[in-house]
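Q: If you scroll down you'll find the structure; I have some questions about it.
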Amino acid sequence: MAISKKSGFTLIELSIVIVIIGLIVAGIVGGQKLVTQAKIRAVISEFNKYDAAASTFNLEYNAILGDMPDASAYSLGINCSGAPYDCNGSGNDRIYWQDMNNGVAYDNHENFIAWMHLRFADLIEGAYTGNNNTGGPNAMLAGLNIPASAFKSSRQGGWVFNSDDRWKNDIDSTIPVRNQLIIGGHVPNQRSYGSLFTPSQAKSIDNKMDDGSAYDSNCTDGAGGDDEEYMISETIPRCIVALHLTLTKRNY
């Protein structure tokens with residue numbers, strides 16, 4: 001009677017298989033980190049491009065984009081001659097949602113107009129509508145009335161001009177109100193202030209552009225709290241980031 005011999009893996013073979021699996025996993029994880037870092041570098045590059053365009057506009061027109069009160073005189077928008085209100089800002093040195101102009105509420109959403117000003121000044125590529133024609137009064141849609149970012153998580157990233165003092169009120173009363181570019185995630189029919197970055201990703205941007213502090217200087221984290229520390233243990237998107245513009249204020 002023949003006796004069959006069953007052969008199995010030796011310890012050496014099993015060790016080789018485990019090492020190979022480990023290398024594959026490490027390669028996948030390392031590849032994901034490289035992709036994320038490339039996206040973060042793209043965010044920084046995008047900001048630098050828009051900041052330079054805003055500064056050029058500032059110097060060329062002696063005005064702050066979005067806030068410029070006589071933009072219609074330079075045809076910096078759609079139908080400026082027929083509807084100057086849709087092109088002009090309030091002229092108070094702030095890129096803001098709603099401002100006062102001679103004591104009257106000036107609800108022209110300068111954050112939308114700002115992108116239109118850059119477009120018609122030939123300082124950026126793309127076509128932006130200059131208004132909130134996507135839904136509610138603050139509705140934003142990346143690629144339509146604000147630029148899309150290369151960064152995506154569970155949401156599409158988009159860029160928003162603003163001088164909202166929310167960070168000052170929510171985080172630290174000593175933070176001055178400054179014109180900013182905010183990058184956040186899409187929220188249907190709302191401002192693009194949805195969580196986009198994990199705290200670790202937001203800190204990586206902060207470290208590369210500023211001082212790594214989550215609440216002051218040139219990079220401010222909008223995590224919705226008053227703790228100056230990034231919660232690195234959080235691994236899901238919790239943050240948006242506000243980057244301060246290098247603009248010179250004007251007295252119109």
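Q: Here are some residues: Ala42, Ala52, Ala121, Ala127. Which one is at pLDDT 95 or above and within 20 Å of the chain's Cα centre (by Cα)?
A: Going through Ala42, Ala52, Ala121, Ala127 in turn, just one is at pLDDT 95 or above and within 20 Å of the chain's Cα centre (by Cα): Ala52.
Q: Next question. For segment 74-96, enumerate the residues that are without any contact (Cβ under 8 Å) to a residue 12 or more places away in the chain and crowded, with 18+ Cβ neighbours inside 10 Å.
A: Answer for segment 74-96, where residues must be without any contact (Cβ under 8 Å) to a residue 12 or more places away in the chain and crowded, with 18+ Cβ neighbours inside 10 Å: just Cys80.
Q: Can you pull out every residue in segment 112-133 that is under 15 Å from Asp86 (Cβ atoms) and assigned to a helix (DSSP H, G or I)?
A: Phe112, Ile113, Ala114, Trp115, Met116, His117, Arg119, Phe120, listed by residue number.
The values are calculated or read from the model by the stated rules, or taken from the named source; none is laboratory data. Quick caveat: nothing in here was measured; it's all calculated off a predicted structure. Cβ: placed from backbone, ideal geometry, glycine included. Neighbour counts: every protein chain shown.
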